[in-house]
Structures are given as structure tokens and as C-alpha cells.
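A short worksheet on the structure shown next.
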Amino acid sequence: MRLKALILTTALVTALGMPAAFAQSTSGSGPVTSPPTHRPGPKKLPNGKQIQQRKENQQTRIRKGVSSGKLSSRQTKTLVTQEHDLNKEEHGMASTNGGKLTNADRAKLTRQQNRLSKEISGDEHKQKDKPGSAQ
């Protein structure tokens with residue numbers, strides 16, 4: 001008797017579940033696809049104040065590198081020149097758009113500031129690793 005009840009229960013569950021399974025796979029809206037994977041949205045671009053703050057932070061890092069002996073005079077001159085060129089480029093970008101930076105301009109400046117930041121760090125480490133440099 002128990003075996004008969006188990007078989008009937010299994011058949012009933014299968015029979016009730018089958019139409020739902022077929023309804024999903026035979027819908028008229030086309031093939032069933034997996035849900036889209038989550039893609040992070042675009043990173044929020046910095047505003048003018050954040051760009052300015054970052055420039056000031058990088059200038060401070062350069063000054064600290066000089067005072068601690070982690071940057072040579074040649075490295076410092078190169079970094080200061082790059083910072084100056086970046087500032088000129090930023091002003092040029094803003095002047096072509098009524099004094100405001102476009103999203104593309106801000107993205108480009110962010111990439112350039114990232115590169116400069118890595119150079120500051122890299123130059124500090126290069127100088128620190130040289131024999132006879134201040135630790």
C-alpha cells in the first residue's frame with residue numbers, strides 16, 4: 001500500500017510540474033536565455049574640485065619625495081614638467097568648451113593623473129633602491 005501511495009504521489013507531482021516546465025520552454029517570445037550577467041556601471045568621473053584636489057595631492061607627494069630624498073632632482077624636474085603640461089592641457093580642454101570640462105575630458109585627465117601618480121611612486125622607489133640614497 002505504501003509503495004502504491006509513493007508511486008501515485010510521484011506521478012502527481014510530476015504531472016503537475018510538467019506543464020510549468022513546458023510553458024517556460026515553449027513560450028512564443030523566443031528561446032529561453034539566461035539572465036544577463038551583472039556588469040558594473042561606468043565609474044563616476046571626478047568633478048572639477050576632485051581633479052584640483054588630486055593635483056594638489058600629487059604636488060604634495062612630489063614635495064615630500066624631494067624633502068625625503070626619495071626623488072632626485074632630475075626625477076623631480078620631469079614630474080613637475082609633466083604636471084605643468086597636464087595643467088596646460090586641462091586649461092585648453094576647458095577653454096574649448098566654455099570653461100567646463102566634458103565627460104571625455106575628465107576621463108582623459110583621470111587617466112593621465114593615474115599615469116603621473118604611478119610615475120611618482122615608481123620614481124620614489126627607484127631612487128630609494130639606488131645605493132647611497134637616503135632611506
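Overall, the stretch 71-123 carries a charge dipole of about 100 debye about its Cα centre when +1 sits on the Cβ of Lys and Arg and -1 on the Cβ of Asp and Glu, all other atoms neutral.
Using a Förster distance of 35 angstrom, determine the FRET efficiency expected from the C-beta separation of Ser67 and Lys108, and round it to 0.05. Write down the numbers at each step before the final one.
Values: r = 31 Å, r/R0 = 0.89.
That pair, Ser67 with Lys108, gives E of 0.65.
Within the set Lys44/Lys70; Lys64/Lys100; Lys44/Lys100; Lys70/Lys100; Lys43/Lys118; Lys64/Lys108, which residue pairs have Cα atoms separated by over 28 Å? Pairs exceeding the cut-off: Lys44/Lys70; Lys64/Lys100; Lys70/Lys100.
Computed from the C-beta positions of Lys77 and Ser121, the FRET efficiency with R₀ = 22 Å rounds to 0.80.
Calculate log10 I(q)/I(0) of the stretch 71-123 for q = 0.26 Å⁻¹, where I(q) comes from the Debye formula with a single equal point scatterer on each Cα and nothing for solvent. Those come out to -0.96, one per q.
Values in this text are rule-based calculations from the coordinates and carry no lab data. Computed from a predicted model, the values in this text were never measured in an experiment. Neighbour counts run over all protein chains shown; Cβ positions are idealised from the backbone, glycine included.
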